[in-house]
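The values are calculated or read from the model by the stated rules, or taken from the named source; none is laboratory data. Everything numeric here is computed off the predicted structure, so don't read it as measured data. Glycine gets a Cβ as well: all are built from the backbone with ideal geometry, and neighbour counts include every protein chain shown.
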Amino acid sequence: MEIQDFDNLMELCCINVNEEQKVVITPKCIEDQKSVRDLIKNNHLENLSMSEFCELAQKHHSAYLVRKKLKQQKLEKYSALSPQQTAELPIEQKLEYIELLYPRDQKLDEFMKVTRDNEQNIRSCLFHMDFPKSFWDDEKNKADRYASLVANSPEITDKMRAWSETSLDEKKEVVKQSAKIFEYVYGVAPEIVFFTPEEEKAKQRAQGLNENAHINAAYYQHGKLHFNEERLQTGDNFFAVSVLFHEGTHYRQYTENFNDPLVERILNGRANVVTVYENEVSQKGDANYKDLYTMLPSEVHAHGVQEYMENKLTEMTGIDKIATIAPDKDVKSIHNKAFSMAKLSQCRAKIK
């Protein structure tokens, strides 16, 4: 086992022992499931005995402690950089900076402090964290297939053309039909769940969270795509097809192997945790509201392929996007920022 893999084993995993005295390795965070699965497979850790694990730990322990100290020294050097210097770092070092800022066992107060102290540098990292051109080319080819199959499904396009007259149950069926097309193109089948705002508020209360927090139109969580029935009913005629595609892209980010180590590292990095900080400190009237969210690689990816797919679907069908009710001003602003960031990232990928 390489020392980097041992570092990941210590940071990403919970280590337990079953009744047969075999080591059970599980991720600390559900977001690390794919990384931990690969770590176990690549290092043949599936049937490790406790004595074998202790031998492995003893072999790497000293080097692990030295590397832990070096990581802290590296973080101090990164934090001393200016935002401009941070922007000029190679992408691998930007990723390392973010990883060093946010270890898995970090407490909330420490997380808030390091984010606040490094916020401008974090912005520079995220703003200049671009996917390679080959990745965008691959993703657009698959989005073409999805758009083409949707365009050739009259049971979907007929309803899109008459969206304002389409019932909620019929709109739900469009979501499910779009999910089947998504599965055909990408080979993954996320479960679809519909919820009402009242149900979501009750869920928030049960978890001890703020029940008056913004309720998303849809979101990915734990292998399921959750759709807000109210937003589905009042949303535009692309909602069922396009939001399914967007959230399905998030599902893929957690489950799919993109066959590029750099892309994997970008998507599996720790950047997504900055949304916790942003939710605590952002003000809707601030011009920077949700900037960090819209610069996250996961959102740049999802918004980039979503917009591309929508444009292709319009070209293929002649259907224009028409909202049944004017979108929320703040939500529209966030989406506009996210689509703009995705376009910028793609433009830079072409220039390189």
Practice task
Using the structure shown, decide if residue 134 is surrounded by fewer than 19 Cβ atoms within 10 Å (Cβ to Cβ) and within 25 Å of the chain's Cα centre (by Cα).
Solution key: yes
Practice task
For residue 79, work out the one condition from (1) in contact with a Leu (Cβ under 8 Å, 6 or more places away or on another chain); (2) within 28 Å of residue 278 (Cα to Cα) it doesn't fulfil.
Solution key: (1)
Exercise for the section: Could you please find all residues in the range 220-255 being within 24 Å of residue 151 (Cβ to Cβ) and not in a helix (DSSP H, G or I)? Expected result: 225, 227, 235, 236, 237, 238
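Suppose the filter is under 22 Å from the mean Cα position of the chain (by Cα), in contact (Cβ under 8 Å) with a residue 12 or more places away in the chain and over 13 Å from residue 244 (Cα atoms); does residue 181 pass it?
Working: under 22 Å from the mean Cα position of the chain (by Cα): yes; in contact (Cβ under 8 Å) with a residue 12 or more places away in the chain: yes; over 13 Å from residue 244 (Cα atoms): no.
Spelling it out, it is not the case that residue 181 is under 22 Å from the mean Cα position of the chain (by Cα), in contact (Cβ under 8 Å) with a residue 12 or more places away in the chain and over 13 Å from residue 244 (Cα atoms).
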Practice task
Could you look through the range 312-339, keep only residues that are loosely packed, with under 13 Cβ neighbours inside 10 Å and either in a helix (DSSP H, G or I) or of a type in the set (A, V, I, L, M, F, W, C) (or both), and pick out the one that is modelled with the lowest pLDDT?
Solution key: 326
Exercise for the section: Could you grab the pairs with beta carbons closer than 9 Å, sequence gap of 6+ or different chains, first residue in the range 138-154 and within 14 Å of residue 311 (Cα to Cα), second one among the charged types (D, E, K, R) and surrounded by 16 or more Cβ atoms within 10 Å (Cβ to Cβ)? Expected result: 140/312; 143/312; 144/312; 146/312; 147/310; 147/312; 148/312; 151/312
Practice task
Could you tell me which of the residues 139, 173 is in contact with a helix residue (DSSP H, G or I) (Cβ under 7 Å, 6 or more places away or on another chain), surrounded by 15 or more Cβ atoms within 10 Å (Cβ to Cβ) and modelled with pLDDT of 95 or more?
Solution key: 139
